[in-house]
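Everything below concerns the one structure shown next.
The values are calculated or read from the model by the stated rules, or taken from the named source; none is laboratory data. The structure presented is a predicted model; accordingly, all values stated were derived computationally and were not measured. Every residue, glycine as well, gets a Cβ built from its backbone with ideal geometry; the counts of neighbours run over all protein chains shown. Protein only, heavy atoms only, side chains kept; ligands, DNA and RNA dropped before computing areas. Shrake-Rupley method; radii C 1.70, N 1.55, O 1.52, S 1.80 Å.
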Amino acid sequence: MLYFGVDYYPEHWPEERWPEDARLMAEAGFNVVRLAEFAWSRMEPEEGRYDLGWLDRAIAGLAEQGMKVVLGTPTASPPPWLMTQHPEAFLVRSSGQRVTYGNRRNYSPTDQAYREHSARIVETMARHYADHPAVIGWQIDNEFGDRDYDAPAFRRWLKERFGTLDAINERWGTAFWSHVYTDWDQIPVPLSTGGVPNPGLALDFFRFCSDAYVEYQRLQIDILRKHCPEHFITHNFMGFRYELIDYFDLSADLDFVSWDNYPRGFWNIAAEVEPSTMALGHDTMRGLKGINFWVMEQQAGAGGWDVVSVMPKPGELRLWAYQAIAHGADGIVFFRWRTARHGTEQYWHGLLEHDGRPGRRYHEIKRMGQEIARVGQKIEGSSVKARVALVLSYDARFALQIQPHNPGFSYPEQFQALYHALHARNLAVDVVAPNADLSRYDLVVVPSLYVLTPETAEHLERFVEAGGTLLVTPRTGVKDDANAVVERPLPGLLARLCGVIVEDYDSLPAGKSNTLEYPGVEGAAGSAWCDILTPRGAEVVAHYGEDHYAGQAAITMNAFGRGKALYLGTLGNDALNEALVARLLELAGLEAAPRQAAGIEVSERWLGDIALVFVLNHTESEQAVTLAAGVHHDLLADRQVEGRVRLAPRELLILQAGEPT
Ligand code: GAL
């Protein structure tokens, strides 16, 4: 089933309004509603006194209109009575300051009292709704994130993992600056006020923070699984851009991943939304578990807390929702139903206006609801098939947060730029963990695998040996698992596979780049970082064109087993990334779909051998689109198309090979 629905806060509105809301939702074609994820103080107004009557009545009204319900556990925003009783349960920020009441996401996931209160409210809800016919699943908490600078919990985590202080001193190399710890209580947390921390300590601290939320989520999952074995359990993630939790770990215990997609969520987002940015969000979320996902919050209007974001243009809300489906979403839930009258999010616009009127945005989504009612069944059960993978390492990402190297060197931006070059060729891409099974891919791109373990190095060697094509980029293999620099030439454990060593490197000043002499390619250049390479068996693909290392190798390619490993020593500009992608596709024997105009995205879902081809026009003008050979059934318009078709601005096609049936 394709789920299509909305996030709803009945507790914000008079009960007399609820039937009208439910009627309008049903008319929009919604079949699912998410409820309750910020309603703790309504469900437990004082300690131990529960009131779920209002929620029962809200669910009943929605169920009467044929809708199913996903319940959020309300722990992202505790009631004031709880936090007044347990001031120690407030999170500590990187400044060392404990937060106070007034916002949300303000609790410490390791605080014992908070965990007990969380367990009680979750258990109360789980018991109450276990057999409710309208309830189908749970969302745990809301957008886990943050780092809790809680020293005692960090020390407990260290003790469990490493056992002795000797092991820790050795691991972090505490002889440096005389930081040798002789008592657990001496171990600090890396506060932002403390300067550049010991990299070993800081990486372990970031891992601890990530584990703390994974573990807190598990506390809730265990309760829900026990009482509600028939229900699914998910959490709403924050896409690719979010980087404080290892999302592979956070997704492991869930049935599937959901995420919150706000392409125009913030005022400072450029007027032009970049389709590959949203696409990377979807592909990352699908990649966490390698299965389809939901968008639990899909933008429904302009965002805004204090400042108001650019308004989504006509057709964008629908287009973005279809883009999510094209990348593997099986559920689209719009945030939020009606724009709030009170609270921080007064200007975070919903489908209905403040006054409750269904306006332009509601009608756009209602149109989509009617379409989903017609074509949803044909999409059901289909999934994305990719031959290309991008490897995402949270260890590398965390470690590069600690030592970013150069203001122009950003792990996520580099990742996004490489993804963008693949996306421009309309290639399906899976975003996978460093140790994921790579056997189903022909091409694997590994941006800056800064922290590298022997297992991952072997794993990548096996992939290439068996015939795969691999690209690695600068600052790969620099650190071991403890975030210590390796004692071998870079790229460390991958030097053999890449047939190259990094002789030296240059961190470039802002605004400076180095041109690349890359035969057949115009305008290629690198910025921020230049590895100067000495081949050890590899052939040179491109040289640097400037500075004292002009003429030295910048890109190399090594034959290894039946495959090829390419080393890129710099952060490429668009021309370089594009040329590299073309070369990689050739090497990997991959054929990209027909070239389309910029802003035309083509993405496929497969049901067995049957492809559903989504063609999306993200531009503001009509575009001519070249279809693959043969006759296609345009599912939305229920007509036959072939050859070249014209696509209106922000419009889309969903095509199935063959004639309409
Ligand atoms: C999301 C969050 C929602 C709401 C929305 C708009 O990140 O999950 O609860 O706050 O943003 O700000």
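Phi angles across the stretch 560-568 convert, under the Karplus curve 6.51 cos²θ - 1.76 cosθ + 1.60 with θ = phi - 60°, into 3J(HN,Hα) values of 9, x, 8, x, 9, 10, 9, 10, 9 Hz, Gly and Pro given as x.
Pick out, in residue order, every one of the trypsin sites (Lys or Arg not before Pro) in the stretch 227-300 that is DSSP loop and has at most 16 other C-beta atoms within 10 Å; say none if there are none. Here the sparse-neighbourhood loop sites are Arg241. Here's the picture: charge each Lys and Arg Cβ at +1 and each Asp and Glu Cβ at -1 in the chain, and of Tyr450, Val257, Thr339 the one pushed furthest to the positive end of that dipole is Thr339.
Summarising the strand pairing of the chain, around 55 percent of its internal DSSP beta bridges are antiparallel. A dipole drawn for the chain from +1 and -1 charges on Cβ atoms has a positive end, and of Ala528, Ala89, Val429 the residue lying farthest that way is Val429.
Would you mind getting me the FRET efficiency between Glu11 and Arg536? Use the beta-carbon distance for r and R0 = 51 Å, nearest 0.05. My answer for the efficiency is 0.20.
Amide H contacts for His235 (H built 1.01 Å from N in the peptide plane; partners 5 or more residues away or on another chain; cut-off under 5 Å): Ile140, Ser258. Tell me, how many Å apart are the Cα centres for the stretch 541-576 and for the stretch 387-446? If we compute the Cα centre of each part, the gap is 18 Å. Full extension of the segment from Glu230 to Arg57, taken as 0.36 nm per residue of separation minus the current Cα-Cα distance, would add 60.1 nm.
The order of the peptides 419-427, 521-529 by mean Cβ neighbours within 10 Å, most packed first, is 419-427, 521-529. The phi torsions of the stretch 304-315, fed into the Karplus equation with coefficients 6.51, -1.76 and 1.60 and a -60° offset, translate into couplings of x, 9, 9, 10, 9, 7, 4, 6, x, 6, x, x Hz, rounded to whole numbers, with Gly and Pro shown as x.
Take the Cα of Val307, step 7 Å toward its Cβ, do the same at Arg93, and the gap between the two points is 1.9 nm.
When each of the peptides 224-237, 461-474 is scored by how many other beta carbons lie within 10 Å of its residues on average, the order from highest to lowest is 461-474, 224-237.
Compared with the direct C-alpha span, the chain from Glu170 to Ala550 gains 132.7 nm at full extension, assuming 0.36 nm per residue. Calculated FRET efficiency, Lys512 to Asn103, Cβ-Cβ distance, R0 = 35 Å: about 0.25 to the nearest 0.05. Say the dipole of the chain comes from +1 at the beta carbon of Lys and Arg and -1 at that of Asp and Glu; which of Val625, Val307, Ile140 then lies farthest toward its positive end? Value: Val625.
Less than 5 angstrom separates the built amide H of Thr75 from those of Asp141, all sequence-distant by 5 or more or on a different chain. A straight chain from Arg367 to Thr619 at 0.36 nm per residue would run longer than the Cα-Cα distance by 88.7 nm. Its residue count N sets the reference 2.2 N^0.38 Å, and the alpha-carbon radius of gyration of the stretch 600-657 equals 1.06 times that reference.
When both bridge partners sit in the stretch 388-588, DSSP labels roughly 65% of those beta bridges antiparallel.
Remark: the chain carries a charge dipole of roughly 720 debye about the Cα centre, counting +1 on each Lys and Arg Cβ and -1 on each Asp and Glu Cβ.
This model, with +1 at the C-beta of Lys and Arg and -1 at the C-beta of Asp and Glu, gives the stretch 600-657 a dipole about its Cα centre of some 60 debye. Amide H contacts of Tyr181 (H built 1.01 Å from N, in plane; Pro and chain starts excluded): no residue 5 or more places away or on another chain comes under 5 Å. Take the Cβ atoms of Ala597 and Val486, set R0 to 41 Å, and the FRET efficiency comes out at 0.35.
When its C-alpha radius of gyration is set against 2.2 N^0.38 Å (N residues), the chain gives a value of 1.00. Over the chain, DSSP H runs of length four or greater, each weighted -39,500 (n - 2.57), average out per residue to a 222 nm ellipticity of -9500 deg cm²/dmol. A 1.4 Å probe run over the protein chains yields, for the stretch 539-661, 45 Å² of accessible area per residue, whole-number rounding.
Here the simple spin-label model places points 7 Å from the Cα toward Cβ, and for Arg644 and Ala575 these points are separated by 2.8 nm. Here the peptides 361-367, 440-446 are ranked by packing, the mean other Cβ count within 10 Å, and the order with the highest first is 440-446, 361-367. Spin-label pair Ile610-Thr84: with each label point 7 Å from Cα along the Cα-Cβ axis, the two points sit 6.0 nm from one another.
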